[in-house]
Amino acid sequence: AQSRMFAGYVSPYSLFLEAIGDMLDCDVTSALLEDACPLDDRTDLAGALRLQPRNGSAPLIVECFADEAVGLALAANVDVLTERSLLEVFSRTARFGLERRTSVAPLKMRLQVVDNLEPRIAEAVEADAPETIKSADEYDALGTQGKLRVLVEAEEFKRRKLRLPRPRVINAAGNDAPVDELLIPLLDEAVRRDLAVEAALKRGDIAGAAALMAGKSKRHAARDRAAQASADGDLAGELRARDDEAVYSAIRADITQDEGSYSRFLDKDEWYERQRRRTNGAYDPADDPLLNPPWKSKS
């Protein structure tokens, strides 16, 4: 009776283990303690379980909290695996002794853990917002750590309470795909489309790349015209294109969303924005003497 302390089970994890077997038809074959944070200067302890389906199919890796991994490992009597470096960061000195709460109470084992050390973690992460990345080249230049820092500071990432992919997942992928999957949807729509075009070309999908290029927004097209004019040394053309890009950016409700993906009534009217800018004394290509010299005919 004493061994059945929790609704007939030794512990809640014994019940959990039985549920895994009955409902998932799997056995817990091992547990893992790992670093959950891929940032170089931060260490977060977490767990994972290796489940082996009883039908002989491929094992499943299920992420969980560290205490869940240890508890299920004890219930299943399986090994708990970890890396030595992680063990060194989180290990603490334990002191054992005996204590008796009253004069008639039996002696009990007492365990005291000395926990006056803190893991070396970053107090804060500094990074720019995802929408400030202006080109596909700038995004690629961030590297894995740069992408992670931008992602963890993104307001939408925080609002959705998302989690960074674990180092194990990134290493298994062999590239930044797990990070890109979370960060690219938060980028400026023009940058996101350029990255999609690059990806289509890399996999040889010429038709897909052409379709993406044909679907560029007015804002994206103005940005491309400005870049091309700058490369050609066409200052006047660049100024006109930059002004158009500024207008198309100002009228959009959300520059991270694809054009047409939300109601157009959430955007401002283009004519209104251009008129507002003229009224407020903003730059207007029509008034620029460099673009419209006084000796040119206005007829």
* Structure fact -> When Ala200 is run through (1) in contact with a Gly (Cβ under 7 Å, 6 or more places away or on another chain); (2) outside any helix (DSSP H, G or I); (3) not aromatic (Phe, Trp, Tyr), the failure sits at (2)
* Mind checking which residues of the range 7-60 are among the hydroxyl-bearing types (Ser, Thr, Tyr), modelled with pLDDT of 95 or more and crowded, with 18+ Cβ neighbours inside 10 Å? -> none
* Structure fact -> By residue number, the members of the range 147-169 that are in a helix (DSSP H, G or I), open to solvent by 20 Å² or more (accessible area, probe 1.4 Å), within 10 Å of Pro38 (Cβ to Cβ) and touching a residue at least 40 places away in the same chain (Cβ under 8 Å) are Val152, Pro167, Arg168
* Asked: Taking the range 206-223 as the search range and keeping residues that are in a helix (DSSP H, G or I), in contact (Cβ under 8 Å) with a residue 12 or more places away in the chain and more than 21 Å from Trp271 (Cα to Cα), which one is least open to solvent (accessible area, probe 1.4 Å)?
  -> Ala209
* Please specify each residue of the range 231-277 satisfying the condition of being free of Cβ contacts under 8 Å to residues at least 24 places away in the same chain and part of a loop (DSSP other than H, G, I, E, B). => Gly233, Asp234, Ala253, Asp254, Gly260, Ser261, Tyr262, Ser263, Asp267, Lys268, Asp269
* Structure fact -> Flagged in the range 69-87 as assigned to a helix (DSSP H, G or I), of a type outside the set (S, T, N, Q) and either touching a Gly at 6+ places or on another chain (Cβ under 6 Å) or exposed (fewer than 13 other Cβ atoms within 10 Å of the Cβ) (or both), in numbering order, are Ala69, Arg84, Leu87
* Only residues that are of a type in the set (D, E, K, R) and within 15 Å of Ser135 (Cα to Cα): list them for the range 211-225, please. => Lys216, Arg219, Arg223, Asp224, Arg225
* Structure fact -> Considering the range 231-247, residues that are of a type in the set (Gly, Ala, Ser) and closer than 21 Å to Asp188 by Cα, and then whichever is least open to solvent (accessible area, probe 1.4 Å), we arrive at Ala241
* Which one is surrounded by the most Cβ atoms within 10 Å (Cβ to Cβ) among residues in the range 170-200 that are without any contact (Cβ under 8 Å) to a residue 24 or more places away in the chain and within 20 Å of Ile61 (Cα to Cα)? -> Pro178
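The values are calculated or read from the model by the stated rules, or taken from the named source; none is laboratory data. Note that the structure is a prediction, hence the values are computed from the model and not measured. Glycine gets a Cβ as well: all are built from the backbone with ideal geometry, and neighbour counts include every protein chain shown. When the accessible area is computed, the model is the full protein with side chains, heavy atoms only, and any ligands, DNA or RNA have been set aside. Shrake-Rupley method; radii C 1.70, N 1.55, O 1.52, S 1.80 Å.
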